[in-house]
Amino acid sequence: MHAPVLVLKDSLKRESGSKVQNANIQASKAVADIIRTTLGPRSMLKMLLDAGGGIVVTNDGNAILRELDLAHPAAKSMIELSRTQDEEVGDGTTSVIILAGEMLHVAQAFIDKNYHPTVICRAYNKALEDAIAVLDKIAMPIDTSDRGTMLGLVKSCIGTKFTSQFGDLIADLAIDATTTVGVELGQGLRDVDIKNYIKVEKLPGGQLEDSRVLKGVMINKDVVAPGKMRRKIVNPRIILLDSPLEYKKGENQTNAELLKEEDWTVLLKMEEEYIEELCMQILKFKPDLVITEKGLSDLACHYLSKHGVSAIRRLRKTDNNRIAKACGAVIVNRPDELQESDVGTGAGLFEVKKIGDEFFAFIVDCKDPKACTVLLRGASKDLLNEVERNLQDAMSVARNIIKNPKLVPGGGATELTVSAALKQKSSSIEGIEKWPYEAAAIAFEAIPRTLAQNCGVNVIRTMTALQGKHANGENAWIGIDGNTGAITDMKEQKIWDAYNVKSQTFKTAIEAACMLLRIDDIVSGIKKKQAPGAGPSKPKVETEADADGEQILPD
């Protein structure tokens, strides 16, 4: 008698599990559908309203998803994917969501047939290993010192972006910036720190063509005493400090007891002498420019300007680090510890210019700078924000190529090659994993199919023709030209992707799909509101009406 009851309970539990999996798949597909139209060079833009009431116009997958406020936890974890992709390689944020959504979509049929999610995940992981092996096989090494190749590659990677209509401009800026800040780590390894050493300054006004990479640093500051200090110095000697050039206040409340009137004068004199001593320690090294992150008193300003030294105060730590990298100076904590080697002599020109209403200090024409500023000009703030987003992606692409100089074909050709190779291999796989493995192979076709949809061509004909070309695996470089929708050779069209970006896209998408498939229950940890009458009662506050007549004082 007991057995049927057990079976019944088990089937009820299974039902709830597949319900949750189906809900997760639907949520993930919904996220993928939001940004599906933003893939490819002929993609659509999205206009987003942010919480502050501002608008953002972009087709960058990560920027769109960042602004979404979705309630479903699976949808939230999909959004995390594009953020991971953006931080890791900076490109492919849309592809990774579309691919993960498709992987989950094809898994739905198996969930409905009561396949266990672990079986599907096992097949997916096997497909991922084989896909990376195919990538390694078709990847083509390149020479990073050849600017033409680099330019072509960065251009094709950001060809899907809004700024691709401005020609080589963004790609040029990105390559100049990344090659400037690249440092050799030895053993053939190079590191490019985009985050800390490349600053993007957006100045509305002028034309986009006026944008350029400065061989040095630009900061939104003016000298402390504009009338007395020089605003243009050729080959300046620069001293960087992160200590204040003003009298040090006591750590906590300091009391000084003054007995005689003269003591007050002595106290003031001590302060003045202290500041003079600080300035003299700096002036020993004959600097032309002193920059400090902290305050700089009027008296110190007087001593410095008397000796023809320009000064800038209250600079950001990050800007100070960039200046140090650009001109070869060392940031000093205490002026009495200054040495000749700490003085930066690498800059060719210090100049303060007025752009619009604000003053900007330029430390440029540096010899071998390891930090730089990208100056973007443009008609409006919205345009500049979008250009900056595209530039960040372009710099990430350039960084990826410098770190791992290998190429794979773009235009969906890589995905089609992987798909064809996996389909061939699926026939040799035995057991129940064969079908999910084959489904994963088909899922890879989502990228070229979406590209074809966004070009406005006949999707079924194009996909059939492409599958025919890739079926025997003779040419891995046949894909879709995203502008015309024609089936062409990617090598001739120079449509490429960085190997890093592709492998990261595949890994992130498949691993995320596996993670979401293995969720069989969503438990809410939010406290429900208490039912009336339950729990401890609140203390009652007496009102005037409740008070007894005797307790009220007579008028």
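The values are calculated or read from the model by the stated rules, or taken from the named source; none is laboratory data. Note that the structure is predicted; figures quoted are calculated from it, not measured. Because the Cβ atoms are built from the backbone with ideal geometry, glycine has one as well, and the counts that use them run over all protein chains shown. Remember, those area values only see protein heavy atoms, side chains included, never the ligands or the DNA or RNA. Shrake-Rupley method; radii C 1.70, N 1.55, O 1.52, S 1.80 Å.
Count, please, the residues in the stretch 262-313 that happen to be assigned to a loop (DSSP other than H, G, I, E, B) and free of Cβ contacts under 8 Å to residues at least 60 places away in the same chain.
The total comes to 9.
In this structure, is LYS215 open to solvent by 90 Å² or more (accessible area, probe 1.4 Å), more than 22 Å from ASP60 (Cα to Cα) and in contact with a Cys (Cβ under 6 Å, 6 or more places away or on another chain)?
yes
Looking at the stretch 126-151 only, could you name the residues that are under 18 Å from MET395 (Cβ atoms), open to solvent by 20 Å² or more (accessible area, probe 1.4 Å) and assigned to a helix (DSSP H, G or I)?
ARG147, THR149, LEU151
If I go through the stretch 162-189 residue by residue, how many of them are under 20 Å from the mean Cα position of the chain (by Cα) and modelled with pLDDT under 75?
3
Would you mention how many residues in the stretch 453-505 are farther than 21 Å from ILE132 by Cβ, of a type outside the set (Gly, Ala, Ser) and part of a loop (DSSP other than H, G, I, E, B)?
Looking only at that region, the number is 9.
Identify the residue in the stretch 278-292 that is more than 10 Å from LEU245 (Cα to Cα) and not aliphatic (A, V, I, L, M) and, among all such residues, is surrounded by the fewest Cβ atoms within 10 Å (Cβ to Cβ).
LYS284
Within the stretch 152-171, which residues are assigned to a helix (DSSP H, G or I) and either farther than 21 Å from ASP382 by Cβ or without any contact (Cβ under 8 Å) to a residue 12 or more places away in the chain (or both)?
GLY152, LEU153, VAL154, LYS155, SER156, CYS157, GLN165, ALA171
Please tell me if GLU276 is of a type in the set (Asp, Glu), closer than 21 Å to VAL352 by Cβ, assigned by the TED database to the domain that holds GLY348 and modelled with pLDDT under 95.
Criteria not met by GLU276.
For the stretch 458-515, name all the residues that are of a type in the set (D, E, K, R) and in contact (Cβ under 8 Å) with a residue 60 or more places away in the chain.
ASP481, LYS491, LYS494, ASP497, LYS502, LYS507, GLU511 - these are the residues of the stretch 458-515 that are of a type in the set (D, E, K, R) and in contact (Cβ under 8 Å) with a residue 60 or more places away in the chain.
Determine whether GLY485 is open to solvent by 40 Å² or more (accessible area, probe 1.4 Å) and of a type in the set (Gly, Ala, Ser).
Details: open to solvent by 40 Å² or more (accessible area, probe 1.4 Å): no; of a type in the set (Gly, Ala, Ser): yes.
No; evaluated as a whole, the condition is false for this residue.
List pairs: first in the stretch 28-49 and in a strand (DSSP E or B), second of a type in the set (A, V, I, L, M, F, W, C), Cβ under 7 Å, 6+ apart or cross-chain?
Sorted first by the residue in the stretch 28-49, then by its partner, the pairs are LYS46/ILE64; MET47/ILE55; MET47/VAL57; LEU48/ILE55; LEU48/VAL56; LEU48/ILE64; LEU49/ILE55.
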